[in-house]
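The values are calculated or read from the model by the stated rules, or taken from the named source; none is laboratory data. Keep in mind that this is a model prediction, so the values were computed, not measured. A quick note on method: Cβ atoms are made from the backbone with ideal geometry, for glycine too, and the neighbour counts reach across all protein chains shown. Protein only, heavy atoms only, side chains kept; ligands, DNA and RNA dropped before computing areas. Shrake-Rupley method; radii C 1.70, N 1.55, O 1.52, S 1.80 Å.
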Amino acid sequence: MNPSWPDQPILRFSPGTDSGTFDFFVEKILNKEKEKLLNASNLQLSEDDNVLVQGVEGSPYAIGYFGYAYLKENEDLLRAVSIDGIAPLLRQ
């Protein structure tokens, strides 16, 4: 842990287990080990991407993932992060 970081829990927002986005994330990011995600603390699952967006937007200590369209619709409220140097292209 970096001592300069705030001592706050990270809130996690994920599509529900019936979501194709959940399945893709588990397969590609977690090497098919969904327990890593499902056993995480402070996890909220939702089939409604708007709920996920509102959760992430509502806390400075939140992280989540959902469909690109929801990120694009809410780019003024959310900040995308890059993974392995790849970031979503939002503005053209």
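Figures for the structure shown
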read-out: Spherically averaged projected area of region 49-92 from its Cα convex hull (nm²); value: 3.3 nm²
read-out: Length gained when the stretch LYS28-ASN42 is fully extended (0.36 nm per residue, less Cα-Cα span); value: 2.8 nm
read-out: Per residue solvent-accessible surface (Å²) - the chain, probe of 1.4 Å; value: 75 Å²
read-out: Residues whose placed amide H lies under 5 Å from that of SER46, excluding near-sequence neighbours; value: SER14, GLY16
read-out: Helix-only mean residue ellipticity at 222 nm for the chain, each DSSP H run of n ≥ 4 adding -39500 (n - 2.57), per residue, nearest 500; value: -7500 deg cm²/dmol
read-out: Kirkwood Rh and Cα Rg combined as Rg/Rh, the chain; value: 0.96
read-out: Portion, in percent, of the accessible area of the chain that falls on carbon or sulfur, probe 1.4 Å; value: 51 percent
read-out: Those trypsin sites (Lys or Arg not before Pro) in the chain that DSSP places in a loop and that have at most 15 other beta carbons within 10 Å; value: LYS32, LYS34, ARG79, ARG91
read-out: Mean Cα-pair separation over length for the chain, i.e. relative contact order, pairs under 8 Å, 6 or more apart, %; value: 31 percent
read-out: Cα gyration tensor, region 1-54 - rounded (a/c under 1.5), prolate or oblate; value: oblate
read-out: 5 angstrom amide H check on GLY64, placed H, neighbours 5+ away; value: PHE13
